Structure formats: C-alpha cells, structure tokens
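The values are calculated or read from the model by the stated rules, or taken from the named source; none is laboratory data. All values reported here derive from a predicted model rather than from experimental measurement. Quick reminder, even Gly has a Cβ in these numbers, built from the backbone with ideal geometry, and neighbours come from all protein chains shown.
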Amino acid sequence: MGIAANELCQHVIRPTLLYLGCHSPSAEALLLGSAASQSALGSALGDPHGHGLYHISELRHRQLWDQHLARDPDLASLVRGLASQHAFLAAPHLELAVNLRYATAIAWMLIEAEHTTLPAADDLHGLARVWRRVFHPQGRLRDFLQAWQHCVVGQYRAA
C-alpha cells in the first residue's frame, strides 16, 4: 500500500514545489500522477530501472546533477539542501528512495530540464504526455490515466 494521494501532496509535493519556488496546480498534479504511474504512490519503491516514488535511474540522477544542476549553483544548493547531510555523500541514489522531498525535487528538476510547457492541472491527457516524455518514454498514456484513476481519484484535492 502506498501513500494516500492527498497526504503525499499536502506533506511532500506541495511543500517541495513551494520550497523550490515553482508551485502550481499543474506541477502538483503532474508530480502526483507521475508518482502514481511510476510506483503506485510508493507501493513499489524498488525497481531495477530506478529508485523511489518516481523510479529515477542512477544514470538520470547523475546526468541531472552533471548537466543541469551543476550549471546553476544556487539551484543545486537549494536541491542539495533537501538531501540528508551524511547519507547523501555515502549513497546519493538511495536518497531517491528514502527521502521523499529530495526525490520530488529531483523529479521536478527532470521536468524542468526538458523545458516542457505544462498543461492545465485537469488536462490528464496533457499531463500523461509530459509524464511519458520525462519519466517513461515507452509508456502508454493509458498507463498514466489508469494509475490516476486507481491511486488519485477521490483522494486528491488541488490547492
């Protein structure tokens, strides 16, 4: 069983987006739908292809730091501030599985790195297209829509 959608949003996604200075209903819905699609909101944190709520691979995690965050020291410092002080140095990829706010910040940075225009928060097909582009290029839009229906509908209240 994963995390309740409304609680994930209220305690992890929304505060992380606010901390990063990029909160919007669309960003919130996209991250929530991505977590639903990638890990059933935390029901399956381990995957051979990636870690945590968003199943981010070690390679993508490393590339994001090397090719995106390293170019913006202030942003890198902001994101690094969410990571555990000592654990991050010993096992940075483990942070994706055990630190929900850090994983959410990295997921958002992956979205930002794509320079994607976000659809409206209630445009599930548009959100699904962004999810597929950023997180699961081989995914089917219906996978996102089904995950939303199964994990989110009836639980989530946008801010």
Determine, yes or no, whether Gln138 is over 14 Å from the mean Cα position of the chain (by Cα), at pLDDT below 90, over 21 Å from Gln10 (Cα atoms) and outside any helix (DSSP H, G or I). no
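I need the full set of residues from the stretch 34-43 which are within 16 Å of Leu94 (Cβ to Cβ) and surrounded by fewer than 23 Cβ atoms within 10 Å (Cβ to Cβ), in order please.
Correct list: Gly42 only.
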I need the full set of residues from the stretch 26-55 which are out of contact with any strand residue (DSSP E or B) (no Cβ under 8 Å at 6 or more places or on another chain), of a type outside the set (A, V, I, L, M, F, W, C) and either outside any loop (DSSP other than H, G, I, E, B) or in contact (Cβ under 8 Å) with a residue 24 or more places away in the chain (or both), in order please. Ser26, Glu28, Gly33, Ser34, Ser37, Gly42, Ser43, Gly46, Asp47, His51, Gly52, Tyr54
Among Ala76, Ala44, which is among the hydrophobic types (A, V, I, L, M, F, W, C) and more than 15 Å from the chain's Cα centre (by Cα)? Ala76
Picked from the stretch 95-135 (must be of a type in the set (Gly, Ala, Ser) and surrounded by 16 or more Cβ atoms within 10 Å (Cβ to Cβ)), the residue nearest to the chain's Cα centre (by Cα) is Ala107
The stretch 44-90, subset exposed (fewer than 12 other Cβ atoms within 10 Å of the Cβ) and of a type in the set (A, V, I, L, M, F, W, C), residue nearest to Ala5 (Cα to Cα): Leu59
Selected residue [over 17 Å from Phe144 (Cβ atoms), at pLDDT below 95, among the aliphatic types (A, V, I, L, M) and in contact with a Lys or Arg (Cβ under 9 Å, 6 or more places away or on another chain)] from Leu89, Leu94, Leu45, Leu82: Leu82
In the stretch 66-94, how many residues are more than 21 Å from Val12 (Cβ to Cβ), free of Cβ contacts under 8 Å to residues at least 24 places away in the same chain and assigned to a helix (DSSP H, G or I)? 7
Taking the condition in contact (Cβ under 8 Å) with a residue 40 or more places away in the chain, under 21 Å from Ser26 (Cα atoms) and in contact with a strand residue (DSSP E or B) (Cβ under 8 Å, 6 or more places away or on another chain), does Ala121 pass? no
